[in-house]
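Here's the structure, in structure tokens; my notes come after.
No lab work stands behind these numbers, since they all come straight from the coordinates. What you see is a predicted model; the values in this text were computed from it and never measured. Reconstructed Cβ throughout: ideal geometry from the backbone, glycine too, with neighbour counts over all protein chains shown.
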Amino acid sequence: MDMDSDTPRRLLILDDESAVAQTVAFAAERHGFAVRMSGSAEIFFEDVAGFEPSHIIIDLLMPGMDGVEVLRNLAARGCGASIIMMSGMGSKVLESAQRVGIERGLRITGVLAKPFKAAELRALLDAHARVRTHPEPLAVADREVLLDDIGSALREEQFVLHYQPKVHLGSGRPAGVEALVRWQHPQFGLLPPDRFLPLIEQSGNMDWLNVIVINAALAWFTGVRGDDALQLAINISAGSLTDVRFTDLLHERCTRFKVDPARIILELTETTAPQRTAEVLDILTRVRLKGFHLSIDDFGTGYSSLVQLAQLPFSEIKIDRSFVRELHASDEARKIVAITIALGKQLQLTTVAEGVEDEAQARVLAELQCDQAQGYFFAKPMDADSAHAWLRERS
């Protein structure tokens, strides 16, 4: 069932406490909803089929079948209603249940803690549901085509760079850009990195792609005029840091393009588990000795950890978009972001938040004294010419 603006506003409530259900129903009816109440899971699923609700409110603590089981069954039925979860339990359990629903592909609007206010209920009934946004996995046949095409793509320069600006949260002025690689594939069109980087790793060609990206990014950066403080961030896979000559190659390229190493940030991505070998420590320490900056990307996820932060010579920490996205919905996410920013300041690291999508998120990050941010609220990734124009307009 897909929701659109013409869908009747029908609310189905699952709650074994009739007094609570009646209170919710009264507030929803005054807000223009037709309402039906179910006191048991058995009746509820009959109503899902017969009433065809546009919205559903589920009490997580139900006898017989708890709210997580209800979510599992709704997902199996392909339910397209906007779902609000309600409980008197702590916010952490509510938030965890919300993530369960999203991961199962349900349209989760939010959580309603008991006791609630009518205004909170109305806001959730009017809110846009959040859905899982992970890309669909590539078909096996498509993966095989891409794997076969990697060699020719590298030779024929099918990999292109887009650039996403970063801004200083205090002033709103540009801080620099991050170079993001794309594959302009003749059959599949413009592919984002999550579609092909694992295949590049698998094929053993990551070093070759790194050289292409470094050359293209530095060539583009020489065309940035006006502000010598602007920085260029380039993503480097931790799994490719096995050649101790990498630092000399990077420095040689900067010398060739006349770019000060202090304006370059290497973002260490976690596509594979990094081994803190002598070679990795050798490479990253020499990177810093040559004047380059080093950023730990997606901090708090994957393999990024306090151990890495302590053992490797980072100068920047990037707060993962998953925490930024949850800033208002999750008290836990806000605490994690605040602690990460405070940790960055204690360690004298630049703090950067990624995935900022609205003014409210930007305002909270500024209040928490995060240094920089990037995301669609400020600017989306752009091709080379558009990124030059964006910087010219704002420098």
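Label-to-label distance, GLU201 versus GLU42, with points set 7 angstrom from Cα along the beta-carbon direction: 4.9 nm. Amide H contacts under 5 Å for LEU266: ILE234, HIS293, LEU294, SER295, restricted to partners 5 or more places along the chain or on a different chain, H placed in the peptide plane at 1.01 Å from N. Within the listed set ASP371, ASP227, ASP207, the Gaussian network model of the chain (springs between alpha-carbon atoms below 10 Å) gives the highest mean-square fluctuation for ASP227. Looking at the chain, which longest stretch skips every one of the trypsin sites (Lys or Arg not before Pro) that is in a DSSP loop with at most 12 other Cβ atoms within 10 Å, leaving the sites themselves out? The reported range is 259-395. Evaluate the relative contact order of segment 113-228 (contact order divided by residue number), counting alpha-carbon pairs under 8 angstrom at least 6 apart; express in whole percent. Here the relative contact order equals 18 percent.
Each residue of segment 175-185 was assigned a 3J(HN,Hα) from its phi angle through the Karplus curve 6.51 cos²θ - 1.76 cosθ + 1.60 (θ = phi - 60°); the sequence is 9, x, 9, 10, 7, 10, 7, 10, 10, 7, 8 Hz, with glycine and proline shown as x. Can you find, among ALA25, ALA75, ILE234, the residue sitting farthest towards the positive end of the charge dipole of the chain, where Lys and Arg contribute +1 and Asp and Glu -1 at Cβ? Farthest towards the positive end: ILE234.
Across the options LEU121, VAL224, LEU209, the greatest Cα extent toward the positive end of the charge dipole of the chain (unit charges at beta carbon of Lys, Arg, Asp, Glu) belongs to VAL224.
In percent, rounded to a whole number, the relative contact order of the chain is 12, using alpha-carbon pairs under 8 Å and six or more apart.
Evaluated with a Cβ-only charge set (Lys, Arg +1; Asp, Glu -1), segment 244-395 carries a dipole of roughly 560 debye about its Cα centre, given to the nearest 20. In debye to the nearest 20, how big a dipole does the chain give about its Cα centre with +1 on each Lys and Arg Cβ and -1 on each Asp and Glu Cβ? Computed charge dipole of the chain: roughly 1040 debye. Over the chain, dividing the summed -39,500 (n - 2.57) contributions of all DSSP H runs of at least 4 residues by the number of residues returns a 222 nm mean residue ellipticity of -13000 deg cm²/dmol. The mean sequence separation of alpha-carbon pairs under 8 Å and at least six residues apart, normalised by the residue count of segment 10-126, gives a relative contact order of 24 percent. The amide H of PHE188, built 1.01 Å from its N in the peptide plane, has no neighbour under 5 Å, considering only residues 5 or more places off or on other chains.
Of the beta bridges in segment 140-394, as assigned by DSSP with both residues counted there, near 40 percent are antiparallel.
Sequence-ordered 3J(HN,Hα) estimates for segment 105-114 from the Karplus curve with 6.51, -1.76 and 1.60 and θ = phi - 60° stand at x, 7, 8, 9, 7, x, 10, 10, 7, 7 Hz, glycine and proline given as x.
Look at where the Cα atoms of segment 152-228 and of segment 300-368 average out, and the two centres are 23 Å apart.
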